[in-house]
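Here's the structure, in structure tokens; my notes come after.
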Amino acid sequence: MNKRSLLVICMAALLAGSCFKSNERNPLKGVPNPIVLFANSNWPLKSTSTFFNPFSTLTDSVAGTMMLRLRIQLSGMTQKTDTRVTLKVDTAQLLSYNAYYKTAYILLPDSCYTVGLTPMIPADTGMVVAVVSLSPSKFKGPSKYLLPLTIADAGAVPVAANAATMLYTLQGN
């Protein structure tokens, strides 16, 4: 065996040994505890700069859509047990949005949609997709509606304050 082969074998053994991560050798100190968040949260604004947020208001991104998908996930380490998440329709966010943009969106009536307000995040995936089913035929007139959904609770797992709300704007027929 030549010196070069021996060097390659030693380097491979060194690299393989450095990848060993047991709880005794690496207790994951400094890794933040998981938090629950909407992966595609859009409110509150992450920046008030028009460079980062060129749109003055949310767009009617769901026109003609019958189903909205809310991706709710755990960030950080995965949990060993399932995590029950509680969603709520948050009228305070509607008022905040209208005041910020000086708009007059009205709350989407309950009869226009259905949503499961207590989805479960499975321990093995760390993510769940909650589905909001829309009934556009029940929208009255040309009103502009807003559906503000907020993660209200996730049991023992904290909720990310800056990614806990999703707003959907919808245009009536």
So how far apart, in nm, are the two label points at Lys102 and Asn2 if each is 7 Å from Cα heading toward Cβ? 7.8 nm
Leaving ligands and nucleic acids out of the surface, order Lys80, Lys144 by accessible area at 1.4 Å, largest first. Lys80, Lys144
With θ taken as phi - 60° and the coefficients 6.51, -1.76 and 1.60, list the Karplus ³J(HN,Hα) couplings across segment 159-168 in order, rounded to whole Hz; mark glycine and proline as x. 9, 5, 5, 9, 9, 9, 10, 10, 10, 10
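The values are calculated or read from the model by the stated rules, or taken from the named source; none is laboratory data. All values derive from a computational prediction rather than experimental measurement. Methodologically, a virtual Cβ is constructed for each residue, glycine included, from the backbone with ideal geometry; neighbour enumeration extends over all protein chains shown. Each accessible area value is taken on the protein alone, full model and side chains, heavy atoms only, with ligands, DNA and RNA left out. Shrake-Rupley method; radii C 1.70, N 1.55, O 1.52, S 1.80 Å.
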